[in-house]
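The structure under discussion appears below in the form of structure tokens.
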Amino acid sequence: MARDKVRTRFLVFSALSVAIFAGALLGPFIVPNDPLKADFQMVNQPPSARFPFGTDKLGRCLFSRVVCGARVTIFSSLALVGVIFVFGTAVGVASSYAGGRFDTVCMRVTDIVLAFPDMVLAIAVAGFLGGGLTNAIITLACVSWTKYARLARSQVLALRDQAFIEAARLAGNTGPQIIFRHIMPNAMGPLIVTAALDIGVMMIGVAGLSFLGLGVRPPTPEWGAMLNEGRTYFQQYPGTIFFPGVAIFISIMVFNLFGDSLRDLLAPRQPGETAKEMP
Amino acid sequence: MQLIPILIGITVINFGIMYLSPSDPAERQLVLRGIMVSPETLEAMRADMGLDRPFWVQYGRWSLNLLKGDLGVSFASGRPVMLEIWECLPYTVSLALAAVIMTMVVSIPLGLLAAVRQNGVWDYLIRVATFVGGTMPGFLVGLLLIYVFALRLRWQPVISDGSLRSMILPTITLALAMTCKYIRQIRAAILEELDKEYVWGARARGVKERYVIYRNVLKNSMLTIVTLLGLSVGYLLGGTAIVEIIFTWPGMGKRVMEAINMRDYPVVQGYVIWMAIIFVSVNLLTDLSYRLLNPRIRLSDEVA
């Protein structure tokens, strides 16, 4: 009964997420105007038939910019989540499987990165590397892969000594076979949930760095950069921050709800399960 | 005590990034002093500044200076970085503190209310509101607040001047996401506490519900709040940067963004170092207060 509800919720939010991806992917082909074309006779216009969301300070179509901006914001966040997921998991698995000094070094490095405030480190790295979308992605990847390394490591450690792994080893499987065939499939659940919940976090990160001028450079449409450009002009026309703001808010919300429902689906937490306390 | 390797690690990373960054400090120094940049003068300046030495020698010198409190000189203004940071630090710290206070004042009563009226209207409203509030990125909240309270209603100045009045909007911006998270965590902690046997015991003995909640449950849930506070310092320190930019609040975050735009690396370095120091010391304090608040940890330590 409750299980059905969880499944329905998951399906609804997956569908919504897919819809956002599709919109972001197809956006540039369906927009009414060129998102980069400035028209100084149509500056800060309110919404009209030609410009559904109005225009910005340079007379560019806000609707087209918001739709095309989805591509940059969402796909860079996705790419980012993919990179840190693979890299972090690889480090975590390798370090727990290898053990010894390699493990110690890896874990100390994650300690240091985890201990330090993400955004401060991101600002520092972006500051030294300079702006640009690639650098923003590198920056955010540098500060956020550690979560996965930690999680993967603890998952592998929990599985490593179980009977079925022992059995697999006795059956003559090699190290890589055990890792990829037997350990990884069982360790994936929590990692995938973390990745799903991270999409929204990374969107805030990409948009936040762009907002600070350390990410995507104008005139490329990106939601955080648009908010930054719009904030000097929103007295004349509040739509310049309203529309990109709503876009970013809705997509983060959908991805977060999707992550939540995925977690409920994969790891149903029984009520009272957490109530176990230390003696 | 594992904080010391973390601090050392941060200084190495910090210095390493600076060492690898494309800009040449010797060249900057020449430009700053108005000397013509030529291969010969560059060479002389490099030797003079010790930039021709190997990485570890440079790092050693730099960290020794750091221990003496010398963070170098700003490329842009020519003033000591320490001085520049000391001027901005109080603004950032007061903003962060104000946000913490606001979070506490709002989230404890609301978390309690949601927990006590579990599955009621208030609980439902608070849960929806905290989800929405927790989803909003800080920069969006800040812009919306400026639009409503500064531009439309004109209750607040658009540009902060560091006064108490102009601190209200930045504080709300910084505190909002934190408050939402806290409310949910406090609600969960109180619910968990309410489910424990001693609560039923106290109720069975006829102790007033109000007394149980304020004297026992709330007190025991304080541990959650202290843990949360320790975890939030990182968010707060990073969050101040964005908030300071939006509201032009004269703190360290705004200063470091200016420094980044001017490629003023010593100031950026100083900022990171200071953030690390604040972060590590607050975490230490959290640990200590945790011991103070939780007799179980204290006692098990003494026994062992």
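Figures for the structure shown
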| item | result |
| --- | --- |
| Enumerated helices (runs of 4 or more DSSP H) restricted to segment B:49-164, each holding at least 3 residues that are in contact with a Cys (Cβ under 7 Å, 6 or more places away or on another chain) | B:121-135 |
| Long-range neighbours under 6 Å by Cβ, at least six apart or interchain, first residue under 18 Å from A:Ile74 (Cβ atoms) within segment A:207-218, second among the acidic types (Asp, Glu) and in a loop (DSSP other than H, G, I, E, B) | A:Ser210/A:Glu222; A:Val216/A:Glu222 |
| Those residues of segment A:236-249 which are under 16 Å from B:Val141 (Cβ atoms) and in contact (Cβ under 8 Å) with a residue 60 or more places away in the chain, in sequence order | A:Pro244, A:Ala247, A:Ile248 |
| Residue check, B:Leu143 in the same structural domain as B:Arg210 (by TED's automatic domain parsing), surrounded by 19 or more Cβ atoms within 10 Å (Cβ to Cβ), hydrophobic (A, V, I, L, M, F, W, C) and within 24 Å of A:Phe255 (Cβ to Cβ) | yes |
| Any chance B:Ile186 is at pLDDT 85 or above, out of contact with any Gly (no Cβ under 6 Å at 6 or more places or on another chain) and under 21 Å from B:Thr103 (Cβ atoms) | no |
| Candidate set from segment B:269-290 (those that are at the interface with chain A (Cβ under 7 Å from one of its Cβ atoms) and touching a residue at least 60 places away in the same chain (Cβ under 8 Å)); member that is nearest to the chain's Cα centre (by Cα) | B:Ala276 |
| Residue identified as under 21 Å from B:Lys181 (Cα atoms), within 14 Å of chain A (Cβ to nearest Cβ), surrounded by 19 or more Cβ atoms within 10 Å (Cβ to Cβ) and of a type outside the set (Asp, Glu) among B:Val233, B:Val256 | B:Val233 |
| Pick from segment A:163-194, criterion small (Gly, Ala, Ser) and assigned to a helix (DSSP H, G or I), ranking: nearest to A:Asp260 (Cα to Cα) | A:Gly189 |
| Only one of B:Leu299, B:Leu293 that is more than 10 Å from every other protein chain (Cβ to nearest Cβ), modelled with pLDDT under 80 and surrounded by 15 or more Cβ atoms within 10 Å (Cβ to Cβ) | B:Leu293 |
| Residue check, B:Asp287 of a type in the set (Asp, Glu) and under 24 Å from B:Thr179 (Cα atoms) | yes |
| Extreme residue, surrounded by the fewest Cβ atoms within 10 Å (Cβ to Cβ), among residues of segment A:112-148 that are within 12 Å of chain B (Cβ to nearest Cβ) and not in a helix (DSSP H, G or I) | A:Gly130 |
| Test: A:Gly224 is buried (at least 24 other Cβ atoms within 10 Å of the Cβ), within 8 Å of chain B (Cβ to nearest Cβ) and not in a loop (DSSP other than H, G, I, E, B) | yes |
| Subset of segment A:90-111 [surrounded by fewer than 20 Cβ atoms within 10 Å (Cβ to Cβ), more than 10 Å from every other protein chain (Cβ to nearest Cβ) and over 22 Å from the mean Cα position of the chain (by Cα)] | A:Ala94, A:Tyr97, A:Ala98, A:Gly99, A:Gly100, A:Arg101, A:Phe102, A:Asp103, A:Thr104, A:Val105, A:Met107 |
| Among residues of segment B:248-267, those that are among the β-branched types (Val, Ile, Thr), in contact (Cβ under 8 Å) with a residue 60 or more places away in the chain and part of a helix (DSSP H, G or I), counted | 1 |
| Residue ID - surrounded by the most Cβ atoms within 10 Å (Cβ to Cβ), chosen from residues in segment B:120-134 that are more than 22 Å from B:Ala96 (Cβ to Cβ) and within 12 Å of another protein chain (Cβ to nearest Cβ) | B:Phe131 |
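The values are calculated or read from the model by the stated rules, or taken from the named source; none is laboratory data. Since we're looking at a predicted model, the values are computed, not measured. Positions of Cβ are backbone-derived with ideal geometry, glycine not excepted, and every protein chain shown enters the neighbour counts.
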